[in-house]
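Visitor: Quick one: structure below, then a few questions.
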Amino acid sequence: MSLQRTGFRVHSFTDPLEAINHIAKDGCKDCELLVPDIRMLGMDGFELVRRVKMLRPEMNVVMMMAFEVNKREFEQVFPSTPVENVLSKPFVPHLLA
């Protein structure tokens, strides 16, 4: 909701497979950013990022997680998951915008 209030068009999904299908269906040409959590029902955030990057390699990713880690640490621990930034929860909504 905070992204919508700042003028972004948001596609929100509770099911990772629905998000992948939405992106695959029409390429989601207006989609520029994926904001998954590491833990989700049905699929973890790593798998979601890998699948989306196969469809849209240029898609930016901000990974959310419940523990604090910076981008450099994330890249060292999870080198196969390309992300542009990491956001630790809880966070102030305007930080994402």
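Here, each number is a calculation from the coordinates, and none is a lab measurement. Quick caveat, the model's predicted, so the values are computed rather than measured. Cβ atoms come from the backbone with ideal geometry, glycine included; neighbour counts cover every protein chain shown.
Visitor: Over the chain, what relative contact order in percent results from Cα pairs under 8 Å that are six or more residues apart?
Guide: Values: 116 pairs, mean separation 26.0, N = 97.
In percent, rounded to a whole number, it is 27.
Visitor: What do you get for trypsin sites (Lys or Arg not before Pro) in region 1-37 restricted to DSSP loop and a cutoff of at most 13 other Cβ within 10 Å of the site's Cβ?
Guide: ARG9, LYS29
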